[in-house]
């Protein structure tokens, strides 16, 4: 359900996020029960998140070498932390895209090249800004190969989707009654809501875990049921609403704004598609 309209809306409502804290006690409980909790990871967003961390400024030297090093070392870190907290990691990779995605892929490629050109033409001061670096950053070609090699070596289960992996990630997590991890909101554990560190530390930082201290994995979870409840309709209507809000309405908003800007003066504000109003329409539709 990681579509842009619903994702943006959920991201603005931080109260929807509930935090789960997992420790070594949970791992022992899982061992006693004979099973760990599945932790299904959307591979490419995770790879980009660790290889091109937005919070770190660019350093001089071989950025590609550092990115490949992060891509190869992250599976080791995941394999070291997650099983010790009662979680079993699995990774879902994007598979080959169908012909209907060709235009989208070409558009993304053109946008990436445009961002790189804009970055290189910027001033030194602007190129030092973290958000500018993050926008222009791209994964090196061998990053996925380096990551999958380590995952194979660590015997981490991997799956290949028929196209984009976000929906299969959520579906697999639902079938296994586990967590789905990706960039999007609305039923996912977002990548930037995963924290690891000592117990009773709200936002742990790397290097702050003392030897022998009890470590806790803290993850923020967006439950689909809570999202549907806040929007005011039944859970089974959330996928339809997400598709409309994420694709059709997001694109329609841009079209309406462009038309308004062309036809009318500056005094008239551009129309916006209101997600809450769309939810009201969904609620007003009776049971079928």
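The values are calculated or read from the model by the stated rules, or taken from the named source; none is laboratory data. What you see is a predicted model; the values in this text were computed from it and never measured. Note that we place each Cβ from the backbone using ideal geometry, even for glycine, and neighbour counts take in every protein chain shown.
Listing for the model above:
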{"quantity": "Residue check for residue 189: at pLDDT below 90 and surrounded by 17 or more Cβ atoms within 10 Å (Cβ to Cβ)", "calculated": "yes"}
{"quantity": "Where residue 88 falls short, out of the listed (1) modelled with pLDDT of 70 or more; (2) closer than 29 Å to residue 241 by Cα", "calculated": "(2)"}
{"quantity": "Single unsatisfied condition, residue 140 versus (1) touching a strand residue (DSSP E or B) at 6+ places or on another chain (Cβ under 6 Å); (2) part of a loop (DSSP other than H, G, I, E, B)", "calculated": "(1)"}
{"quantity": "Test result for residue 204, surrounded by 15 or more Cβ atoms within 10 Å (Cβ to Cβ), at pLDDT below 75 and under 21 Å from the mean Cα position of the chain (by Cα)", "calculated": "yes"}
{"quantity": "Of all residues making up region 75-115, the number that are farther than 20 Å from residue 176 by Cα and assigned to a helix (DSSP H, G or I)", "calculated": "22"}
{"quantity": "Index of the failed condition, residue 215 passing every other in (1) at pLDDT below 55; (2) more than 20 Å from the chain's Cα centre (by Cα); (3) over 24 Å from residue 284 (Cβ atoms)", "calculated": "(1)"}
{"quantity": "Of residues in region 93-115 being in contact with a helix residue (DSSP H, G or I) (Cβ under 8 Å, 6 or more places away or on another chain) and over 17 Å from residue 132 (Cα atoms), the one surrounded by the most Cβ atoms within 10 Å (Cβ to Cβ)", "calculated": "93"}
{"quantity": "Number of positions in region 146-163 that are modelled with pLDDT under 90 and out of contact with any helix residue (DSSP H, G or I) (no Cβ under 8 Å at 6 or more places or on another chain)", "calculated": "0"}
{"quantity": "Any hit, region 118-136, residues being touching a helix residue (DSSP H, G or I) at 6+ places or on another chain (Cβ under 7 Å) and within 20 Å of residue 41 (Cβ to Cβ)", "calculated": "no"}
{"quantity": "Restricting region 157-172 to residues that are crowded, with 19+ Cβ neighbours inside 10 Å and assigned to a loop (DSSP other than H, G, I, E, B), the residue that is farthest from the chain's Cα centre (by Cα)", "calculated": "161"}
